[in-house]
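No lab work stands behind these numbers, since they all come straight from the coordinates. These figures come from a predicted structure and were not determined experimentally. Here the Cβ positions follow ideal geometry from the backbone for every residue, glycine too, while neighbour counts run over all protein chains shown.
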Amino acid sequence: MRVTYLVVWLLVYATSVVQSEEPPRELTPERPLHRITFTDAKSVTRSVDARVLLEAQDGGLLLEGRDGRLWNVTPKQLQKHEKTDTEFRPLSAEELGQQLSREVAELGITTPTQVVVTKHYVICSTAGRKYAEWCGSLFERLHDAFQTYWKAAGLELREPEFPLPAIVLKDHTQFTEFAAKHDRPDAALSPGYFSEPTNRIILFDLTAGPNTAPAQTAADIQRKIAASPFNVATTIHEATHQIAFNSGLHTRYADNPRWLTEGMAMFFEVPDLESRTGWKTIGRVNAPRRKDFRETSRVPREAIPLADLIRADEVFLKEGKARSAYAESWALTFYLLKTRREDVVSYLKTIQSKPRLIADSPDVRLREFEKDFGDAETLEREWKKWMTTH
Ligand SMILES: [Zn+2]
């Protein structure tokens, strides 16, 4: 349920912002700070302090702002470009909190905004401090569990370079307004989303009913949350996307296979709300996804052949295929992590080295998959057989 900018992005921009001499390399944090003035896609003039991630031969730029936001600037949009002597530095948690508050205030709402800062997160909320703190604690536990899981699997990840921004709104109305103003109206069709361009997760208070006051105590939140496991899974799902893109598991605007990014988010989304100190149950069966998998894989018009899921992301957008695309992505990720974890790590290292803004062909996708997992048809048979007993 991640905002699918990447597909659009790659289709629109991959030909214009591509370095043709050699593949672009991953940025180094020491890049100097640039001050760039340009007209954005909504015709607003912006002045952004950023580092330059990519520069195309035609002068097009891919920028990363101090808040972690990515900007694509075409030569036509570019007005002024100054390089400063200052080193690029991410915003501090406090600065980021102020910026997020300003953006929420632009909605014109009167609800007071509060900022909660945790070790890795800056949570800007109109849903009350208690709920924001509950989210912060959930995110931190997930973050630690995620890092621990991959370390044990032999994959070194990094700490996030930027404080991780989260916007938690009071109710669905504010959530919809925020999506329309700062992202895209259709982003609000899901109950939460991670925005790859802005690096944020946007959520709303799951405990808020149409006529109920915000929860005041942790126990109150816990009780209400326990009654809505699907919504908690959504929160964790989006937070997992954000962690994955900020720990180096995936790279924003690189060609990460959709089955993999969604599969990972669904592998981690099973909540562990009982433990206050840790997150001990990663990799449990995701019962709703398994149910979807069992139902859709039996119906020929819904089931997606494995090679099709691997070769391209379009199956996620095809009429009538989304449920099976998600379910199969979960089942495949679950199967591979349970039975072929070393091969998954090897495959992830290939994906981690992908340059930004270069789209792979379907054949390359399949070839890279088969390099680690063997022939897709054979794997599909083994996988489906294994899934009948798990
Ligand atoms: Zn997702």
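Entry note, the chain: the mean residue ellipticity at 222 nm calculated from DSSP H runs of n ≥ 4, each adding -39500 (n - 2.57), is -13500 deg cm²/dmol after division by the residues and rounding to the nearest 500. Near the amide H of residue 164, within less than 5 Å, lie the amide hydrogens of 121, 122, all on another chain or at least 5 residues away, with H placed in the peptide plane.
Among the trypsin sites (Lys or Arg not before Pro) within the stretch 136-216, those in coil by DSSP and having at most 13 neighbouring Cβ atoms inside 10 Å are 158. Number of Lys-Lys pairs in the stretch 93-228 with C-alpha atoms under 23 Å apart and a separation of 8 or more places or on different chains: 6. Measuring from centroid to centroid over Cα atoms, what is the spacing of the stretch 92-140 and the stretch 167-182 in Å? So the two Cα centres are separated by 13 Å. When the GluC sites (Glu not before Pro) in the stretch 289-378 are filtered for DSSP coil states and for at most 11 other beta-carbon atoms within 10 Å of their beta-carbon, the remaining sites are 319. The value of relative contact order for the chain, using C-alpha pairs under 8 Å at least six residues apart, is 14 percent. Among the GluC sites (Glu not before Pro) in the stretch 72-113, those placed in a DSSP loop whose Cβ has at most 12 other Cβ atoms within 10 Å are 106. Remark: the Cα gyration tensor places the stretch 287-387 in the oblate category, a/c being 1.5 or greater and a/b not exceeding b/c. Of all DSSP bridge pairs formed entirely within the chain, close to 75 percent run antiparallel. Listed values for the stretch 72-86 are Karplus-derived 3J(HN,Hα) couplings in whole Hz (6.51 cos²θ - 1.76 cosθ + 1.60, θ = phi - 60°), namely 9, 10, 7, x, 5, 7, 6, 10, 8, 9, 10, 9, 9, 8, 7, and x replaces Gly and Pro.
Per 0.36 nm of contour for each residue apart, how much would the distance between residue 184 and residue 85 grow if the chain were fully extended, relative to their Cα-Cα spacing? All intermediate terms of the calculation are to be shown ahead of the outcome.
Values: separation 99, 0.36 × 99 = 35.64 nm, distance 3.56 nm.
Separation in residues times 0.36 nm, less the Cα-Cα distance, equals 32.1 nm.
A cut-off of 5 Å between modelled amide H atoms, ignoring neighbours fewer than 5 places along the same chain, links residue 270 with no other residue.
In this structure the amide hydrogen of residue 66, modeled in the peptide plane, comes within under 5 Å of the amide hydrogens of 49, none closer than 5 places in sequence on its chain.
Across the stretch 161-166, coupling constants 3J(HN,Hα) worked out from phi with the 6.51/-1.76/1.60 Karplus curve, θ = phi - 60°, read 7, 9, x, 8, x, 9 Hz, and Gly and Pro carry x.
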